[in-house]
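Beneath this line is the structure, given in structure tokens, with notes to follow.
The values are calculated or read from the model by the stated rules, or taken from the named source; none is laboratory data. These numbers come from a predicted model, not from an experiment. Positions of Cβ are backbone-derived with ideal geometry, glycine not excepted, and every protein chain shown enters the neighbour counts.
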């Protein structure tokens with residue numbers, strides 16, 4: 001198993017390569033998708049044994065799956081604009097989203 005995740009569900013992050021902002025909606029302790037997906041999408045070949053995150057993308061309608069090494073804490077505390085946000089969170093406070101308890105594992 002990989003190292004402990006740096007980011008938490010509800011935290012705002014920025015992709016260091018593609019520079020989009022987003023909100024973390026799930027954390028995997030290590031890469032959990034298929035080898036085909038990794039070969040096609042993970043061009044920089046980030047480590048599979050470190051945390052990976054599902055992130056709702058600001059100004060878009062989709063989410064991404066991102067290796068921890070490609071994320072950094074977001075310097076702005078503004079909420080993101082993504083139609084999926086209400087499916088996961090019940091509010092936004094102090095620069096973080098509040099997990100909707102009905103969706104908690």
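Quick notes on this one:
- Looking only at segment 78-105, and only at residues there that are assigned to a loop (DSSP other than H, G, I, E, B) and loosely packed, with under 11 Cβ neighbours inside 10 Å, the one that is modelled with the highest pLDDT: 83
- Residue match in segment 37-52 (condition: part of a helix (DSSP H, G or I) and under 10 Å from the mean Cα position of the chain (by Cα)): no
- Enumeration of residues in segment 65-96 that are within 17 Å of residue 6 (Cβ to Cβ) and touching a helix residue (DSSP H, G or I) at 6+ places or on another chain (Cβ under 9 Å): 65
- When residues in segment 38-68 are screened for being at pLDDT 95 or above and closer than 26 Å to residue 81 by Cβ, 18 of them pass.
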